[in-house]
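The values are calculated or read from the model by the stated rules, or taken from the named source; none is laboratory data. Keep in mind the model is a prediction, meaning the values are calculated, not measured. Don't worry about glycine lacking a Cβ; one is built from the backbone with ideal geometry, like all the others, and counts go over all protein chains shown. Note: areas computed on protein heavy atoms with side chains; ligands, DNA, RNA excluded. Shrake-Rupley method; radii C 1.70, N 1.55, O 1.52, S 1.80 Å.
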Amino acid sequence: MSRTTVWEAFAPGKPMPSAETVAALARALQLPVRDLLELRRTAVEESGTITPGGPGRPIGQWDPHALEVHPAGPGKALPNFDTPTLPRYVPREHDRVLGDAVEDAAAGHSRIVVLVGGSSTGKTRACWEAVQPLAEKEWRLWHPFHPDRAEAALEDLHRVGPRTVVWLNEAQHYLGNPVSGERIAAAVHHLLVSPEHGPVLVLGTLWPEYEKQYTALPRPGAEDPYSRARELLAGRTLNVPDAFDAPALTAAAVLAESGDRLMADALTRARAHGRVTQDLAGAPQLLSRYQNASPAAKAVLEAAMDARRLGVGLHLPQAFLTDAAIDYLDQSDYDQLTDDWAELAYAELARLVHGKQAPLRRTTPRPPRRPPATAASEAPAPPPAVPQFRFADYLEQHGRTTRRYLCPPASFWHAAHTHLTHPDDLDNLATAAENRHRLQWAHCLRHCAADYGSTDALHSLAVSLEKVGEREGAEALARQAAQRGDTVVLHRLTMMREIAGDREGAEALARQAADHGNTNALQGLAMLRGQAGEREGAENLVPQATDQGSTDDLVQLAVTRESAGDREGAEALARQAADHGSIAALYNLAMMRESAGDREGAELLLLQVADHGDDPLYHLAVMRESAGDQEGAETLLRKAAKHGSAEALYRLAMMRESAGDREGALALARQAADQGDAHALFSLAEIREEAGDGEGAEALARQAADVGDAEALDGMAMGRQLLEGLWPNGLDPDGTPTPAWQPSGVRPPRPVRAATHAVGCGW
C-alpha cells in the first residue's frame, strides 16, 4: 500500500479505511484479522453512514467472465479476459420475467431475483444480459468475493448505495455459510427495505438442491438453520430450464445461420436433447481434461475417439476400451502402469465438468422394447450385461477432426475382434480396416460380423470369394444372406457370372434370387442379353421374371422392339404385359406411334387399352386436339366425361371458354368440381382475371374455395399483388417500398378482399 493509504488509515477525521486496507494492516502487524474486521463493521454500523457511491464499480467496467459467466467453446490454453468468448444470446421465457424485475429496479423499486437451475443452464449469463440496460443508466455492480464471499458480503452490504446491482452468484456461498449465512440473509432483507439504500437489484443463482435445502420447513422441535434465508427466497426464485425448448432452438439456429460459429458448433451436438448451454460451458473444460489427462486416461479417450469415428455405437464396452488403449501408450508410459491403472483412469475420466458432463461416463443402455414373441419365433437373447461407457459429444467431435488421418494401432483391432458383439459395429470396423489396408483385420472382423448376424458382411464375403474364383463358398454365403432377407448379393453374383461368361451359373443364381422373391436378377440378365443382341435369349428369361410377378422387362422389351421397327413383336409383348396386369407398354407404344405421326396406329393401341379395363377416350381426345381435330376431340371428351372423367370435363371447360361460351364453360367446370376437381373453377377464374373481368374472376375463385380449393383465393390475391405491386409488408417483390394503403373509407384493393375471404374459408 502507498504511504498515503497507511497514513489515512490511522489519521483522525479521515474516512473509514476499507475492509481490504484493515485486513492488510492486520496481517502486516500480526494482529487478528477477523477481530479487526468485526470492529470495523461495528464502527460503520454505529455511524449509520453509507460511503458515497458504495462498493462496486460501473457495470460497463465489468467483464462477464470476472462475474463467473462460463467461457464457451474450446477457447485458448489460457483464458483471455480482454476478449471474452461468448456466443450470441438466445432469450427464453425466464428472461422475460427477469427483464420485468430489472425494469422495476430502474423505475426506483428495489428487487431481488434468484435464478434456480442445474449446472451450466445459463443462469449467470441470463443475469449478465439482464443488467445491460442498467449500464446505460450508470448503475454500479458489486460482486462480493474478497477475502471470501460471505465475509465480503457481511462486511459491506450496509454500504451499498442506490442504483447498485448486488451480484450473489452461487448464492449458497452466502446464504449457506454456517457462521454468517443467516446474518447475510438479514442484511440483504434490510438492504431491500431501506429507502436510503434504494433502488437496488439483488441477483443470485442457486442449484435446485440448495434451493430445496434453504426453503424446506423444519420438523417440529428441530433447529431451523435457514429461517431468514427461507423468508428471503419466498416468492423470489425463478426457474431456469435445463434444455432449450423448440422456439429457443429455432432462435439458436437463426443465430448459427447468421454466422455464430460457437452456436452452430454446439447445435451439431445438442440440437436433439436441447442442452445447448451445458454443451457450450463444458466444452473448454472437456478439452482441457483430455489435453491434461494422465497417459492411461488419454489412451482410453483416444481409443474411444477412434471407435466412435470409425462407426462403433454410442455405448462402448469397458473391456474393449481397456484392451484397445494398450498400444496408444508409448513404451515408457506402458512400463509405469500399475495393476489398478484402468480403475484409476476410469475414475479420472468420470469426474464432472460444467454442465454435469464427464469425458467418459458409465451408462446403462435401455432394454429393447419388442412385441411379445410368437409361437413361430423366439425372442432374441438379451445382450450380455457388461459395463459400458458413453463418450462426451464434444470430445467425440474433436476426435473426428484431429484424428481423421490417423490409423488405430493393433490393440484397437484386436480388442474389437475380441470384445465387440454388435454386427453393425463389427461391419463398420471391417470396412474401416479395409480402407486403411489392414486387410487381415478386415477379413477377421467381417467373419465375426457375419457370425453375429450381419447380412452386409455375408454380402461382402460372398463377393470377395467370387472374385478369387471360390464359387461354391460364395454361393453358400449368398444363400445365407438371402435366408436372412438380403437377396441383392445373389443378384450381384448373377451379374458377375454373366459378365465372366458363365451363363448357366448366372441363370441358376438368378432363379435362386427369384425363389427368394427378387426378380431383379432375371430382369438384369434379360436386359444384358437384349443389349447384346441376343433377342431370343432375353425373351426366354422374360416369362420366368413375369411368372415371379414382374412385367418391367416385358415393357422394356416392347419399347426396344418398337424402336427397332418390329411393331408386331412390340405389340405382342405389350399385350403380354397387359395380360399380367400392366398396360404401361400399350400406353408407351401408343405415345411412340403418335410422336412418329402414326395417329391411326396410336388410336388402335389405346383401344386395346380399353379391352383391359382402362378408358382411353381422354388420351384419344388429346391426340385429336393436338392434330387439329377440335370437333373430334370434343366428341371423345364428352364420351369420357359420361364415363366419369373429371379431367375430360376440365379440358372441355377450357375449350368452351376459349371459344367464348362462358356459360357452357362454367357449367362444365361446376360438373368437374362436383366430381372432385375444383381446380377447373379456379382456372376459369384466372382466365377471366387476365381478360379484365375481376368481379367474375373473384366470384369463380370463391366458388372454387367453397367446394374445397382453398388455395384459389390465396393464389388470386398473390397474383393481384404481383400485378398491382401491393404487398402486406409494404414492399414490392424486389424489396422497394410501395405506396401506402388508401385512406379510411376508400374501397380497399382487391387483394385484401380476396385474402380476407380466403381466411374465412379456412386458408
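Matching residues to (1) modelled with pLDDT under 85; (2) of a type in the set (Val, Ile, Thr):
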| site | (1), (2) |
| --- | --- |
| Ala77 | yes, no |
| Thr85 | yes, yes |
| Leu98 | no, no |
| Thr121 | no, yes |
| Arg125 | no, no |
* Which number in (1) assigned to a helix (DSSP H, G or I); (2) at pLDDT below 75 marks the one condition that Met655 misses? -> (2)
* **Yes/no for Leu723 being open to solvent by 40 Å² or more (accessible area, probe 1.4 Å), modelled with pLDDT under 75, assigned to a helix (DSSP H, G or I) and out of contact with any His (no Cβ under 8 Å at 6 or more places or on another chain)** => yes
* Structure fact -> Only one of Tyr346, Tyr394, Tyr405 is closer than 30 Å to Asp265 by Cβ and at pLDDT below 85, namely Tyr394
* Structure fact -> Across (1) open to solvent by 50 Å² or more (accessible area, probe 1.4 Å); (2) in contact (Cβ under 8 Å) with a residue 24 or more places away in the chain; (3) within 27 Å of the chain's Cα centre (by Cα), Thr431 clears everything bar (3)
* To do: Given the conditions (1) surrounded by fewer than 20 Cβ atoms within 10 Å (Cβ to Cβ); (2) without any contact (Cβ under 8 Å) to a residue 40 or more places away in the chain, report the number of the one that Lys298 does not fulfil.
  => (1)
* Asked: Within segment 22-31, can one find any residue that is of a type outside the set (A, V, I, L, M, F, W, C), touching a helix residue (DSSP H, G or I) at 6+ places or on another chain (Cβ under 8 Å) and modelled with pLDDT under 85?
  -> no
* Of all strands (runs of 3 or more DSSP E) completely enclosed by segment 93-171, which ones contain at least 3 residues that are closer than 24 Å to Tyr214 by Cβ and in contact with an Asp or Glu (Cβ under 8 Å, 6 or more places away or on another chain)? -> 111-116
* Select from segment 121-158 the residues that are more than 22 Å from Glu182 (Cα to Cα) and open to solvent by less than 10 Å² (accessible area, probe 1.4 Å) and list them in ascending order. => Thr121, Ala126, Cys127, Val131, Leu134, Trp139, Leu141
* **Selection status of Ala293, assigned to a loop (DSSP other than H, G, I, E, B) and over 26 Å from Gly117 (Cβ atoms)** => yes
* Applying the selection to segment 690-718, what residues are open to solvent by 40 Å² or more (accessible area, probe 1.4 Å) and either in contact with a Leu (Cβ under 6 Å, 6 or more places away or on another chain) or at pLDDT below 75 (or both)? -> Glu690, Ala691, Gln703, Asp706, Val707, Gly708, Glu711, Asp714, Met718
* Have a look at Asp629, Asp661 and point out the one that is within 28 Å of Ala602 (Cα to Cα) and either buried (at least 17 other Cβ atoms within 10 Å of the Cβ) or modelled with pLDDT of 75 or more (or both). => Asp629
* Could you figure out which of (1) part of a helix (DSSP H, G or I); (2) open to solvent by less than 40 Å² (accessible area, probe 1.4 Å) isn't true of Thr205? => (1)
* Give segment 232-276 a look and list any residue that's of a type in the set (Gly, Ala, Ser), open to solvent by 20 Å² or more (accessible area, probe 1.4 Å), closer than 30 Å to Gln172 by Cβ and touching a residue at least 24 places away in the same chain (Cβ under 8 Å), or say none. => Ala243
* Asked: Of all the residues that make up segment 181-193, how many are open to solvent by 10 Å² or more (accessible area, probe 1.4 Å) and either small (Gly, Ala, Ser) or part of a loop (DSSP other than H, G, I, E, B) (or both)?
  -> 2
* Asked: When Cys444 is evaluated against the numbered criteria (1) open to solvent by 80 Å² or more (accessible area, probe 1.4 Å); (2) in a helix (DSSP H, G or I); (3) without any contact (Cβ under 8 Å) to a residue 40 or more places away in the chain, which criterion, by number, is the only one it fails?
  -> (1)
* To do: List every residue pair whose Cβ atoms sit under 7 Å apart, with the two residues 6 or more apart in sequence or on different chains, where the first one lies in segment 633-644 and is closer than 14 Å to Met623 by Cα and outside any helix (DSSP H, G or I) and the second, anywhere, is at pLDDT 75 or above and of a type in the set (S, T, N, Q).
  => none
* Is there a residue being within 30 Å of Glu68 (Cβ to Cβ) and either surrounded by 14 or more Cβ atoms within 10 Å (Cβ to Cβ) or at pLDDT 85 or above (or both) anywhere in segment 311-329? -> no
